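Only one structure is covered here, and it is reproduced in the block below.
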């Protein structure tokens, strides 16, 4: 039986991010991906033209339908949009004893808001405390904690601020800094600095969703958090290098790059 991974996230009609990216990543990494759709977006390479969240009862029903019958070895969360959905999903995860990767999606690659301001407190007090690994980028760190990172050394400050809300581990993604793509993984005592060369490729849509899903996939295989994050970072680095043009804007990373190498 393949490891079972569940993504709880929004749909990206352009196929580069959201549950579409999550399921492609899970397929590429050899696990069985399942989905709970939290929102539907009208989205393409140019940005998000519209978003409609699903009722909390629909999200709850999807989650229970999958977990109660099929089971799951890891959960990944993405776009949750509203305080009600954040609280609903946090409650469901709290009752499911498996590793959970929380990607606190707040802003799209194009700068579009994907999380209501009223939901930020629920993310801090309900969702982050049930996370095995939280994976915010620097914009999301600022949105959640007020800490703004401009240098590599400040990644520790960002990590401490996010850990203060209760996740077991935090991966601060430093991709917005100049130089190499440097991420910091820490639980407050252990530290792992993950470096990769920065590829000269602007087609990076879906990077955050892909990384979080890759971590969840590796955790479902039984890897430790440092092992899972290291493997996921390597997979995403290859996907970024192979990112391709799509439409008139920012194209997606290539989730199937390993199939062609």
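Scanning segment 178-197 for residues that are in contact with a strand residue (DSSP E or B) (Cβ under 7 Å, 6 or more places away or on another chain) and modelled with pLDDT under 95, we see that the one that is nearest to residue 159 (Cα to Cα) is 182.
Confirm whether residue 195 is assigned to a strand (DSSP E or B) and surrounded by fewer than 20 Cβ atoms within 10 Å (Cβ to Cβ). Spelling it out, residue 195 is indeed assigned to a strand (DSSP E or B) and surrounded by fewer than 20 Cβ atoms within 10 Å (Cβ to Cβ). Checked against (1) in a helix (DSSP H, G or I); (2) out of contact with any strand residue (DSSP E or B) (no Cβ under 8 Å at 6 or more places or on another chain); (3) under 20 Å from residue 187 (Cα atoms); (4) modelled with pLDDT of 95 or more, residue 127 meets all criteria but (2). Scanning segment 246-261 for residues that are touching a residue at least 60 places away in the same chain (Cβ under 8 Å), part of a loop (DSSP other than H, G, I, E, B) and more than 20 Å from the chain's Cα centre (by Cα) turns up 246, 247, 248, 249. If the condition is being under 14 Å from the mean Cα position of the chain (by Cα), within 18 Å of residue 233 (Cα to Cα) and not in a loop (DSSP other than H, G, I, E, B), then segment 130-168 contributes 133, 134, 137, 138.
Answer with yes or no whether residue 27 is over 17 Å from the mean Cα position of the chain (by Cα), farther than 20 Å from residue 249 by Cα and at pLDDT 95 or above. No; evaluated as a whole, the condition is false for this residue. Quick one: is residue 105 surrounded by 23 or more Cβ atoms within 10 Å (Cβ to Cβ) and not in a strand (DSSP E or B)? For residue 105, the condition - surrounded by 23 or more Cβ atoms within 10 Å (Cβ to Cβ) and not in a strand (DSSP E or B) - is met. When 210, 230 are screened for being touching a helix residue (DSSP H, G or I) at 6+ places or on another chain (Cβ under 9 Å), assigned to a helix (DSSP H, G or I), farther than 25 Å from residue 35 by Cβ and modelled with pLDDT of 95 or more, only 230 passes.
Among the residues of segment 12-42, just one is buried (at least 22 other Cβ atoms within 10 Å of the Cβ), part of a loop (DSSP other than H, G, I, E, B) and out of contact with any strand residue (DSSP E or B) (no Cβ under 8 Å at 6 or more places or on another chain), namely 29.
The values are calculated or read from the model by the stated rules, or taken from the named source; none is laboratory data. Note that the structure is predicted; figures quoted are calculated from it, not measured. Cβ coordinates were reconstructed from backbone atoms using ideal geometry, including for glycine residues, and neighbour counts include every protein chain displayed.
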